[in-house]
1. Rank 104, 228, 263 by mean-square fluctuation in a GNM of the chain with C-alpha springs under 10 angstrom and give only the top-ranked residue.
2. Where the convex hull is taken over the Cα atoms of the chain, what is its projected area averaged over directions, in nm²?
3. Just the number, please: percent antiparallel of the DSSP beta bridges in the chain, rounded to the nearest 5.
4. Just in segment 164-207: which GluC sites (Glu not before Pro) are loop by DSSP and have at most 11 other Cβ atoms within 10 Å?
5. Could you give the length gained on full extension between residue 194 and residue 76, defined as 0.36 nm per residue of separation minus the Cα-Cα distance, in nm?
6. Can you give me the accessible area per residue for the chain, using a 1.4 Å probe, in Å²?
7. Which FRET efficiency, nearest 0.05, do residue 94 and residue 233 yield, Cβ-Cβ r, R0 41 Å?
8. Helix-derived [θ] at 222 nm for the chain: sum -39500 (n - 2.57) over DSSP H runs of at least 4, divide by residue count, nearest 500?
Amino acid sequence: MTAKTLPGGTFTMAEDLTVTRIGYGAMQLAGPGVFGPPRDRDAAVAVLREALELGINHIDTSDYYGPFVTNEIIKEALHPYPDELHIVTKVGALRDAEGGWPHARSPEQLRQAVHDNLSRLGLDVLDVVNLRVGGFDRPEPGSIAEPFTALAQMREEGLIRHLGVSTVSGEQVAEAQSIAPIVCVQNLYNIANRADDELIDSLAAQGIAYVPYFPLGGFSPLQSQTLASVAARLDATPMAVALAWLLHRSPNILLIPGTSSVAHLRENVAGAALSLSENDLAELDGIAP
Ligand SMILES: NC(=O)c1ccc[n+]([C@@H]2O[C@H](COP(=O)([O-])OP(=O)(O)OC[C@H]3O[C@@H](n4cnc5c(N)ncnc54)[C@H](OP(=O)(O)O)[C@@H]3O)[C@@H](O)[C@H]2O)c1
């Protein structure tokens, strides 16, 4: 498979940034709870190399996965990086000793995080940096002007090519855009959690990518009788249906399903190609409340 033949094809986020709509989310490469080293480091390296073999050119990460572990494994597996590979990272949080994810959004902390990503990934410039704003699974209200301005400044300095925002409300997206252009929004969204439907359509109209995290339900796999019955009818897995549905939902949606397994990675890439009829889509649309 090549970038052009991967399910969903490609999406152009900016003149110098065209990615396969099927990407790979690297969070699962760290140890249990996204903390510490993986049980099998060689397996983690193999997953990343297989992603590139399959034609994927978009990897989502953060220096706080592990912390540091995921970025170190990416560098070990893939550096020196092929020109077409785009690594998207995020800043705005840290890990504490209990495995929590406290905010780290002062301009000083963000600058440190950008430099940590650069050095740990072995890059001179980061393709895309997302500012993570809200809690783990939903936005928190409030201005993001100070932290986003700090990132915009680092973009002006040439440390970052493009900016995005994560776990944000529509108001926070608009506030970010009043400070500097964004190329993507990364929020929680999947077939059963569709609070961002309007935001997705508005971003699509502006040519901005929407990158749902937890596309398969994240730490608690998607559970739905409807999803299970459509999957059974199509002789597919619920994961395949969930991914194919996202690709179908809007052309600006990019997939970053996470896995620590080469077999699951292959399954997800193949599964996303599943074709869904109008009847299937109508039934699946009924899942979200
Ligand atoms: N911006 C943010 O705040 C934020 C928050 C969370 C995540 N993210 C990003 O979004 C990416 C995706 O989220 P995620 O990885 O948490 O959740 P996800 O993609 O919804 O689901 C990952 C889970 O599904 C399992 N899985 C994947 N493929 C499978 C298959 N074919 N069969 C059975 N199980 C399968 C994985 O286990 P196995 O390892 O066993 O396959 C893992 O437990 C992350 O990797 C990260 O890059 C961003």
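The values are calculated or read from the model by the stated rules, or taken from the named source; none is laboratory data. Since the model is a prediction, treat every value here as computed from it, not as a measurement. Reconstructed Cβ throughout: ideal geometry from the backbone, glycine too, with neighbour counts over all protein chains shown. Ligands, DNA and RNA are excluded from the accessible area calculation, which covers all protein heavy atoms including side chains. Shrake-Rupley method; radii C 1.70, N 1.55, O 1.52, S 1.80 Å.
1. Of 104, 228, 263, the most mobile in the Gaussian network model is 263.
2. Working: hull surface 56.3 nm².
Reported value for the Cα convex hull: 14.1 nm².
3. Numbers: 6 of 31 bridges.
Given both bridge residues lie in the chain, the antiparallel proportion sits at roughly 20 percent.
4. On the way: sites: 171, 175, 198; in loops: none.
When the GluC sites (Glu not before Pro) of segment 164-207 are filtered for loop state and at most 11 Cβ neighbours within 10 Å, nothing remains.
5. On the way: separation 118, 0.36 × 118 = 42.48 nm, distance 3.65 nm.
Gain on stretching residue 194 to residue 76: 38.8 nm.
6. Numbers: 12280 Å² over 289 residues.
Here the per-residue accessible area is 42 Å².
7. Details: r = 45 Å, r/R0 = 1.10.
For residue 94 and residue 233, the calculated efficiency is 0.35.
8. Details: 10 runs with 107 residues, N = 289.
Dividing the helical sum by the residues of the chain leaves -11000 deg cm²/dmol.
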